[in-house]
Amino acid sequence: MRRTAEEIAKMRKAGRVVAEMHAATREAAKPGATTAELDAVARDVLDRRGARSNFLNYRGFPAVICTSPNDMIVHGIPGPYVLEEGDIISIDCGAIVEGYHGDAAFTMAVGEVSPLAAGLIETTERSLWAGIDQLRPGNRLHEVGRAVQQVAEAAGFSVVREYVGHAIGTAMHEEPQVPNYWPGTGGPALKAGMVFAVEPMVNAGSPATRLLEDGWSVVTADGALSAHFEHTIAVTEDGPEVLTLP
Ligand code: MG
Ligand code: MG
């Protein structure tokens, strides 16, 4: 679907709220903090900006952010988990403003982390930007995944297949999906006005995933570390416009 300039302006507002949630949760994610405290900080931002949560009550999800430490890939539920020095933590945030959605995630080091963890974070973020750079009119959507996969695998890491990015607008998850790997075909032709959430999930070990008994938390099957970065991006005639920046 192609969005009008007015719709993209609303998504830009939602994206700025998401960026503010990122800044607030990043600041709060110190050794000793619980992931429930990060959720509370994110709720404060939504309240202050008069925005609604697109995560809360989504298929019963109980929080406004997802918090996924260490070997957890995505969809972790904030709760009693206490952040420790040396952890990595992925924080996924979303907001609705005037009916339009923003969705973005980042992974950060808690204090000092291993060189492997630091490299995984750096590579995953770089893979996101390589994917974003493909969001140009005339390109095919799956060039995004091809670029993500190239960056991740060149660094010796692997890309999760079971969970993917998505188009976004008046719903958080719209069609089409945005794979983080080359699925064998080019996919839809990109046009100005299309808006996508690109969100590579990169594992230090194998790409295989496992769903925990809570029905939400997705972890690496082999227990290796995983990182996740995401932005909401509009395709414009001038190239990609990232909507979830401050
Ligand atoms: Mg997200
Ligand atoms: Mg998303």
**Fill in**
Interchain or sequence-distant (5+) residues whose placed amide H lies within less than 5 Å of the amide H of residue 33 are 83
**Item:** Dimensionless Rg over Rh [the chain; C-alpha; Kirkwood]
**Value:** 0.95
**Asked** Considering amide H positions built from the backbone, and no H for Pro or chain starts, which residues 5 or more places from residue 209, or on another chain, come under 5 Å of its amide H?
**Response** 221
**Request:** Treat every Asp and Glu Cβ in the chain as -1 and every Lys and Arg Cβ as +1, leave all other atoms uncharged, and give the resulting dipole magnitude about the Cα centre to the nearest 20 debye.
**Result:** 720
**Complete:** At the level of C-alpha centres, the distance separating the stretch 155-215 and the stretch 65-113, in angstrom, is 17
**Message:** Can you compute 3J(HN,Hα) from phi for each residue in the stretch 84-98, using the Karplus curve 6.51 cos²θ - 1.76 cosθ + 1.60 with θ = phi - 60°, rounded to whole Hz and x for Gly and Pro?
**Reply:** 10, 3, x, 6, 10, 9, 9, 10, 10, 10, x, 8, 10, 10, 6
**Request:** Provide the gained length on full extension for the span residue 171 to residue 59, in nm with one decimal, where the gain is 0.36 nm per separating residue minus the Cα-Cα distance.
**Result:** 39.0 nm
**Request:** At a Cα cut-off below 26 Å, give the lysines reachable from residue 191, other chains included and same-chain residues fewer than 8 away excluded.
**Result:** 10, 13
**Asked** Length gain on complete extension for the stretch residue 133 to residue 6, per 0.36 nm per residue less the alpha carbon to alpha carbon distance?
**Response** 43.4 nm
**Fill in**
Amide H proximity to residue 201 below 5 Å, modelled H, separation 5+ or other chain, gives 160
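Only the coordinates and a few stated rules stand behind these numbers; no lab work does. Everything numeric here is computed off the predicted structure, so don't read it as measured data. Counting neighbours? That spans all protein chains shown, and the Cβs are built from the backbone with ideal geometry, glycine included.
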